[in-house]
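Enquirer: Please read through the structure below; I'll follow up with questions.
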Ligand SMILES: [Zn+2]
């Protein structure tokens, strides 16, 4: 994963939820201003919804479809696969 800059303080970090470094994220959460920052990650439900919209067919082998659709979602195959697995687990529960 490539390093990114925090949108508030420009501190470089590898993992930035909502584009914020840990310090800024905690500060925003404390102040209740997290909603001001755009969510960069999709929820599992949103990802599955998009995959379905793009033509994912659960009756066909899933892996090749996820591999083909991942770039269209701007996601990595691993990221899509993870969302899919979580989705399946939720269905089974
Ligand atoms: Zn910051």
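Enquirer: Please count how many residues of segment 26-52 are in a helix (DSSP H, G or I) and more than 17 Å from the chain's Cα centre (by Cα).
Expert: Count: 7.
Enquirer: Taking segment 10-24 only, how many residues are surrounded by fewer than 15 Cβ atoms within 10 Å (Cβ to Cβ), in a loop (DSSP other than H, G, I, E, B) and more than 8 Å from the ligand (Cβ to nearest atom)?
Expert: 2
Enquirer: Among (1) within 16 Å of the ligand (Cβ to nearest atom); (2) farther than 17 Å from residue 75 by Cα; (3) part of a helix (DSSP H, G or I), where does residue 7 come up short?
Expert: Just one mismatch for residue 7, condition (3).
Enquirer: With respect to residue 35, is the statement that it is out of contact with any strand residue (DSSP E or B) (no Cβ under 7 Å at 6 or more places or on another chain) and buried (at least 16 other Cβ atoms within 10 Å of the Cβ) true?
Expert: So residue 35 fails the test.
Condition check ((1) in contact with a helix residue (DSSP H, G or I) (Cβ under 6 Å, 6 or more places away or on another chain); (2) surrounded by fewer than 11 Cβ atoms within 10 Å (Cβ to Cβ); (3) within 22 Å of residue 91 (Cβ to Cβ)) across all residues:
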| position | (1), (2), (3) |
| --- | --- |
| 5 | no, no, no |
| 26 | no, no, no |
| 31 | no, yes, no |
| 51 | yes, no, yes |
| 56 | yes, no, yes |
| 64 | no, yes, yes |
| 70 | yes, no, yes |
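Values quoted throughout were computed directly from the atomic coordinates according to the rules given, and no laboratory measurement underlies them. Note that the coordinates shown come from a computational prediction; the quantities given were computed from them, not determined experimentally. So basically every Cβ, Gly included, is an ideal-geometry build from the backbone, and we count neighbours across all protein chains shown.
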